[in-house]
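Coordinate-derived values only; no laboratory data. Keep in mind it's a predicted model, so treat the numbers as computed, not measured. FYI the Cβ positions are ideal-geometry reconstructions off the backbone, even for glycines, and counts take in every protein chain you see.
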Amino acid sequence: MDFKLNRYNRGTFLIAFLILLTISLSLAAQQQLTYVDLIDRLTDMEYLATPPMDGEQSGNFSSFDRKATYDEATNLYIDWDANRDGTGYVREEGDGDIVVFEKDGPGVIWRVWSALALTGHVKVFMDHGEEPIIDMTFADFFDQINEYGIELPKSLPGYPSINLPNLMPTLSRGRNRFIPIPYQEHCKIVLEKGWGMYYHITYTTFPNEIHLPDFDGIHRKADCIALAEADRIIANRGFVRKHYASEKLESRKVKAIANKEMVVKTIEGNRAITHFSINYNKNEYIDEKARGAMLKDIWLKITWDGDNKASVMAPIGLFFGTYPDVYPYRAYPIGALPGQLYSNWYMPFSKEAKIEIVNKGIRNHTFNIEIVHAPLDESGDELLRFHSKWHNGKYKEEVQSQGRDKDWPLIVTKGRGRFCGVTLHIQNEWEEPKESTVNWWYGKYSARNIWWWWGEGDEKFYVDGEKFPSTFGTGSEDYIGYAWSAEPAFALFDSGFATQPYTAIDGNGHTIVSRFHVSDNIPFQTSFTAVIDKYKADKWGDKEQDCTVCTNICLYQAVGYWYLMPGQEDGY
């Protein structure tokens, strides 16, 4: 059939054309992210150096005790140490069901954690729809994804649909799931009766100009391949690193003289450090005291672009997540291998990077440093600077005001940037109880002969001066990703984003843990404070013991990892 424009349908055609043009321009103005793009964010270290967009925010929903509140009228925190942390939820819905997450988009859920996932169903609803796009037992949720064209056998509950052990790791009883769930307008998650105990859900909300993929709960072929590739990248962490175009690898032998500071390398240009490692001769460090001295006394110092103050200043042990000895483990950003400490943090600069070693001890140390750096495709002036500092309680008095006496600061900083993780070292030691128990070391549950546990501390992140934290967790081990560490056995573990490479086998001694935020980093525009509850005093007794004479101690020290705009000082 012939079609000819006349004066009537010309107008209709023009209107349709203008509508399509408007839609096309609108979509072009939006930043389109595919589901594969979101999967790439799981391992994208470069993204951490991009300034946060206006309206980009991250937080969590968890089962923290809702008795903990903030009173605006008095500026006081009420029941801030409330600890029935498996009881909280948004609201009840139906017969025993609870809403545990509800947020407007555009946004992405990055991580879901639970201490105990059972057979009650988890249901995920999109855009106020009446039918859930995900409906499965909470236990299966940590083992399965819904694949296009695949129907799981009904006779095999728990049958895995896809094997992604690094994206869905179980860490010493804690269940973790790093499978992105995007939503454009709205998302609600409901847990049905019998779902289990304790939950965390971390998310990012993006500005409206970000257009996320329409997600129906089904993973297509390209999605599954990208998930498998991301899982493989994380599996190879520490053994394989990302390579960059025109990168340059430089090696320097360092003889760190006692009580001296030395410049190892000054790199000039518009570049980024993409990887570096400290390599030591294992035969020269057979002695545990020598290794401990190296980790404690050798400090890494990095200054960007001639700044007056270094942005990285930390002992190499805590910076690399291992102390007071070298405990082998592999995480994605950092790790410790036999004879090697490695870093994959992405560190851009626009003019120069000055890398120094400070020896604060009485021993000389010899080792090699390898540094990989590459040119930037854009001006380093537009990218964030990597920061990492050590402290053992700085800002404690500041954060413990107005009824927050249990809050122990992980980092307190100002400026515009992203929080990307922390390593926490705990020295928790006590006198052996006079009474013994029949099971394990100090008993289990109500049969304990001493309450030794250092943890229970909820992580709380205050972004841009907010009074009530947008991240409020349920316990220190829950934040890291494991569960019930107050009960034996006291397992060691590592994963892409969380590690416990050492804890004393009976709990009495040293513990070191790390948690890294890559896809679920926390953006901030003006300020950021991260704290964790510290229930035990630096000197503590058990029950009615007089702590003026007790020898029990619980001491924290931490190294944080975050990014700030060029030239902004971190406050340390």
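Data for the structure
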{"item": "Cβ-defined net charge surrounding His510, 13 Å radius [Lys, Arg +1; Asp, Glu -1]", "result": "-3"}
{"item": "Distance between the range 216-244 and the range 51-80 - C-alpha centres, whole angstrom", "result": "34 Å"}
{"item": "Extension gain, Glu288 back to Glu229 (0.36 nm per residue minus Cα-Cα distance, nm)", "result": "17.4 nm"}
{"item": "Reachable aspartates and glutamates, given that their alpha-carbon falls under 12 Å from the alpha-carbon of Lys414 and they are not under 8 places away in the same chain", "result": "Asp464, Glu569, Asp570"}
{"item": "Gain upon complete extension [Leu337, Glu397; 0.36 nm per residue less C-alpha separation]", "result": "17.9 nm"}
{"item": "Descending semi-axes in whole angstrom, ellipsoid equivalent of the range 39-235, from the Cα gyration tensor", "result": "27, 23, 17"}
{"item": "Loop-resident sites, the range 141-242, for chymotrypsin sites (Phe, Trp or Tyr not before Pro), counting at most 14 other Cβ within 10 Å (DSSP)", "result": "Tyr148, Phe239"}
{"item": "FRET efficiency for Arg363 and Arg84, using Cβ-Cβ distance with R0 set to 35 Å, rounded to 0.05", "result": "0.10"}
{"item": "Partner aspartates and glutamates for Lys242 [C-alpha distance under 12 Å; skip if fewer than 8 residues away on the same chain]", "result": "Asp44, Glu46"}
{"item": "Value of [θ]222 nm, deg cm²/dmol, for the chain, DSSP H segments ≥ 4, -39500 (n - 2.57) each, nearest 500", "result": "-3500 deg cm²/dmol"}
{"item": "Relative contact order (percent, whole number), the chain, Cα cutoff 8 Å, 6+ residue spacing", "result": "18 percent"}
{"item": "Within the chain, percent of DSSP bridges classed antiparallel, to nearest 5", "result": "95 percent"}
{"item": "Centroid-to-centroid separation of the range 476-506 and the range 525-541 [C-alpha atoms, Å]", "result": "19 Å"}
{"item": "Qualifying GluC sites (Glu not before Pro) in the range 462-568, DSSP loop, other Cβ atoms within 10 Å at most 15", "result": "Glu466, Glu544"}
{"item": "Within straight-line cross-link reach of Lys265, aspartates and glutamates at Cα separation under 13 Å, skipping those fewer than 8 residues along the same chain", "result": "Glu250, Glu352, Glu356, Glu370"}
{"item": "Stretchable slack from Ser446 to Glu352, in nm (0.36 nm times residue separation minus alpha-carbon distance)", "result": "28.0 nm"}
{"item": "Radius 12 Å from Cβ of Thr366, net charge of other residues (Lys, Arg +1; Asp, Glu -1)", "result": "+3"}
{"item": "Net charge of neighbours whose Cβ lies under 14 Å from the Cβ of Glu192, counting Lys and Arg as +1 and Asp and Glu as -1", "result": "-3"}
